[in-house]
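The values are calculated or read from the model by the stated rules, or taken from the named source; none is laboratory data. Since we're looking at a predicted model, the values are computed, not measured. Positions of Cβ are generated from backbone atoms using ideal geometry, with glycine treated the same way; all protein chains shown enter the neighbour counts.
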Amino acid sequence: MTGFSDDGSPDGRPLRLSRVTAAAPNGPVELLLTGPCGRVIGRLRFRTCRTCRTGRILDLWICDAWHNQGLGRELVCFVLAQCRDYRWNTTLQSRTGLAFFAAMTRETAVSLHHGSPLCPELPLVA
């Protein structure tokens, strides 16, 4: 995947989105967001179970210098679009994470609250 667009990029160049596929069934998948300089500026890790149609966001990280540009939002929306009609939850969240995922729940109408995995195939830890 390439061409992830960020109109707010300081130098106007596009960002790159890469997907690292899970090595094992139901293993974690990682989305890496690379900035114009080539270094990783964001990451979203998640697991899904196709049988149960559930997903679990394990962690989301955006480099401090790139905060407040909508990149975390775009990563979450990308994952939700790839797994339509799935039920989701997240691992334990920081205070900032609680506010972010509450806002994403309101925006997307998909519950993104902390809780135990919705499927026994998705372990508590990554």
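Data overview
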| read-out | value |
| --- | --- |
| Positions within the stretch 92-115 being at pLDDT 90 or above, under 20 Å from Trp61 (Cβ atoms), among the polar types (S, T, N, Q) and in a loop (DSSP other than H, G, I, E, B), in sequence order | none |
| Within the stretch 63-82, tally of residues that are crowded, with 18+ Cβ neighbours inside 10 Å, out of contact with any helix residue (DSSP H, G or I) (no Cβ under 9 Å at 6 or more places or on another chain) and more than 15 Å from Thr34 (Cβ to Cβ) | 1 |
| Which listed residue, of Leu32, Leu44, is under 18 Å from Gly97 (Cβ atoms) and at pLDDT 90 or above | Leu44 |
| Some residue of the stretch 75-95 being touching a residue at least 60 places away in the same chain (Cβ under 8 Å), of a type outside the set (A, V, I, L, M) and either out of contact with any Pro (no Cβ under 9 Å at 6 or more places or on another chain) or farther than 30 Å from Pro14 by Cα (or both) | yes |
| Condition met for Leu118 (out of contact with any Pro (no Cβ under 6 Å at 6 or more places or on another chain), assigned to a loop (DSSP other than H, G, I, E, B), without any contact (Cβ under 8 Å) to a residue 24 or more places away in the chain and not charged (D, E, K, R)) | no |
| Filter pass, Thr51 being more than 19 Å from Leu112 (Cα to Cα), polar (S, T, N, Q) and surrounded by 14 or more Cβ atoms within 10 Å (Cβ to Cβ) | no |
| Within the stretch 8-29, considering residues that are touching a Gly at 6+ places or on another chain (Cβ under 8 Å) and at pLDDT below 80, the one surrounded by the most Cβ atoms within 10 Å (Cβ to Cβ) | Ser9 |
